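The values are calculated or read from the model by the stated rules, or taken from the named source; none is laboratory data. Because the structure is a prediction, the values reported are computed rather than measured. Quick reminder, even Gly has a Cβ in these numbers, built from the backbone with ideal geometry, and neighbours come from all protein chains shown.
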Amino acid sequence: MQGKLSLTTPAHIFAASTPIRKNIAEKLKVQKVETNEYEVVLAEDSATRRTTMCEDTFDILKHYPSTIALRPTFCLPLQEVDVLVNCSAKVPAILDTSSQITVIRQDIVQALGARVNHQHLIEMEGANGATNWTVGCAKNLTLQVGDVSFKVHMHVVEQASFGLLLGCPFQQTALCRFKDLPSGEVEVSV
């Protein structure tokens, strides 16, 4: 390269060195990886065959609880976490990974003495398609989960079956990670 080493490209190196070219090509090749094989023994009639296949498959899958859901469930309990709001009220909060907003009930805001911007209204749509307007927005509320504090804006609703609903804005601010456990519980890392 006559003193121009910084201009060297991989193409130059591959052209100059056959062993390097072959080594890189070998490492980039698609390779077959052997895995364990399981044999499912089928029963004679088709009804028993389906049952046996399902049970055998379940027996195989139960050895891998961290990667495969073992049995389907009809429902799981709401995932709640205790949150200290504005350093004065401990409120159970629902973690909702599909909600685009964070919500707080009006009576809690009033008990905290927090200010509500009544000009900042939004129309919420629930999973059932019903729509309701918020009362306003309580800005910069301090939420504390464990030893970690966050400032969030929360939309205020007049009535709800929950005190706090922590949706995506909270989860993004807190950089939450969720890990589903085989027991049905969820591990939340903040």
List every residue pair whose Cβ atoms lie under 8 Å apart, where the two residues are 6 or more positions apart in sequence or sit on different chains, the first residue falls within the range 98-126 and is assigned by TED's automatic domain parsing to the domain that holds Arg177 and without any contact (Cβ under 8 Å) to a residue 12 or more places away in the chain, and the second residue, located anywhere, is of a type in the set (Ser, Thr, Tyr) and surrounded by fewer than 17 Cβ atoms within 10 Å (Cβ to Cβ).
Glu123/Thr131; Glu125/Thr131
Gln159 meets each of (1) under 18 Å from Asp96 (Cβ atoms); (2) without any contact (Cβ under 8 Å) to a residue 12 or more places away in the chain with one exception, condition (2)
Looking only at the range 118-150, how many residues end up being modelled with pLDDT of 85 or more and small (Gly, Ala, Ser)?
3
Residue selected from the range 151-190 under the condition in a strand (DSSP E or B) and at pLDDT below 90, by the criterion surrounded by the most Cβ atoms within 10 Å (Cβ to Cβ):
Val188
Subset of the range 91-134 [exposed (fewer than 12 other Cβ atoms within 10 Å of the Cβ), more than 25 Å from Glu187 (Cβ to Cβ) and small (Gly, Ala, Ser)]
Gly113, Gly126, Gly129, Ala130
When both residues are 6+ apart or on different chains and their Cβ atoms are under 6 Å apart, which pairs have a first residue that lies in the range 166-182 and is assigned by TED's automatic domain parsing to the domain that holds His155 and hydrophobic (A, V, I, L, M, F, W, C), and a second that is surrounded by 12 or more Cβ atoms within 10 Å (Cβ to Cβ) and not in a strand (DSSP E or B)?
Leu166/Thr102; Phe170/Thr102; Ala174/Val190; Cys176/Val190
